[in-house]
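Below you'll find the structure, written out as structure tokens, and then a few comments.
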Amino acid sequence: MRLVAIAAILALGGCLRSAGTQRGLAIGSAASAAYLGEAQYSEVLGREFALLTPENELKWDTIHPARDRYDFGPVDALVRYARAHSMGLRGVPLVWHAQNPAWLTEGQFTRSELVGILDGHIRTVVGRYSSVIGQWDVVNEAIDDAGEPRSTLWSRIIGPDYIELALRSARAADPDVKLFYNDYGIERSGPKADAVFRMVSDLRQRGAPIDGVGFQAHLTAQASLAELQAQIDRYRAIGLDVAVTELDVRVPVPATIASLQAQADVYRGVFKACLDATNCDTVVVWGFTDRHSWIPAFVPGYGAATLYTEDYEPKPAYHAVIGLLQT
Ligand code: G3I
């Protein structure tokens, strides 16, 4: 059965990126510079994906390790790889509460100092990659699980307008790049999704430069696709795009035939929701192989969350997605 499916894909010359492109969908994956030396990793990434999101390399602790020093090396390695494979890039994140260096978190800065540091960081990083990064998740996870503004270094010292300041700095650094607010758990209805919608609507009404909202989509096999569709739709109604930015679908480990099938249904449903929406043209998976997924280390008891096995065999989810794209 699987051989038949693989033969059908080969006969169509199929891969995710070409099937996606034919349907107007840019399909990407998070990737890490550390794994590019792995032959199979590098081969599958370049063959299957049209977009690359650096998984950790653009976070402040890596790219801005000291106040007066940037380390562009790891991102540049990914940019070289992407160029060599005719891939675009998504950038994430410019402002987040996690993976920040001690010089920043323990710096005891005044408001005006921190505003200057944030503006300088954004202009430097966005400016440097303006010819290659087409979409930026500018602010990541500013709303907490209860739907309240998250208390972070940025909100405590700068105040709630750090979000608009960051968007304006990014726009000043690159007038053409698409700017997103990015969060998890907003793929389903609830107080968090409502709070993000209110915040983003308000930013839009005030003329802040925001083009869309990133739905991280770290899902389980029980995710509601109807709720996802409704959430995408409410942003269409206010003129904003949605990008699926960090898709994975975790299952309890060890995975079973049934759980992998349920996972495949959710993957297919997410791609279908984006295909069906006029305001969604980007789906990025958060890693493409179970060999290098963040899930087992962060969500005990769960894993097998990606499109490929640890041995780079395409899973039922892969076949479900490419089957959808080719119909
Ligand atoms: O680079 C060091 C390495 O030098 C060290 O030996 C090793 C020891 O643990 O740690 C390495 O750093 C790890 C880093 O990933 C790179 O592998 C960190 O410990 C680890 O915490 C970090 O995890 C990342 C996580 O964000 C941290 O918050 C995951 O890879 C990354 O997938 C995950 O991504 C986030 C998105 O940015 C935002 N949305 C949620 C998503 C999942 O948490």
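Okay, here's what the table says:
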quantity	calculated
C280, C15 arranged by Cβ crowding within 10 Å, fewest neighbours leading	C15, C280
Other-chain or far-sequence residues with amide H under 5 Å of D144's (modelled H)	R150
Exposure proxy order (Cβ contacts within 10 Å, fewest to most) of E313, E55	E313, E55
Rounded Å value of the spacing that divides the Cα centres of the range 46-113 and the range 173-233	22 Å
HN-Hα J in Hz across the range 258-272 - Karplus 6.51, -1.76, 1.60, θ = phi - 60°, x for Gly and Pro	5, 5, 5, 6, 4, 4, 4, 4, 5, 3, 4, x, 5, 4, 5
The range 25-121 - Rg over Rh from alpha carbon coordinates, Kirkwood radius	1.06
HN-Hα J in Hz across the range 159-168 - Karplus 6.51, -1.76, 1.60, θ = phi - 60°, x for Gly and Pro	x, x, 6, 4, 5, 5, 4, 5, 4, 5
Lys pairs, the chain - Cα-Cα below 25 angstrom, 8 or more residues apart or on other chains	6
Under the Debye formula (equal points on every Cα, no solvent term), log10 I(q)/I(0) of the chain at q = 0.12 Å⁻¹	-0.81
Sites Y312 and S224, calculated FRET efficiency, Cβ-Cβ separation with R0 30 Å, nearest 0.05	0.45
Nonlocal amide H pairs with K178, under 5 Å, H built at 1.01 Å	Q135, W136
Placed amide H near A243: partners under 5 Å, 5+ positions off or other chain	V213, G214, F215
Bridge type composition, the chain - antiparallel percent by DSSP, nearest 5	15 percent
Rg/Rh for the range 176-290, where both radii come from Cα atoms and Rh is the Kirkwood radius	1.00
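Read-outs: derived from the displayed coordinates by stated rules, not from any lab. Computed from a predicted model, the values in this text were never measured in an experiment. Every residue, glycine as well, gets a Cβ built from its backbone with ideal geometry; the counts of neighbours run over all protein chains shown.
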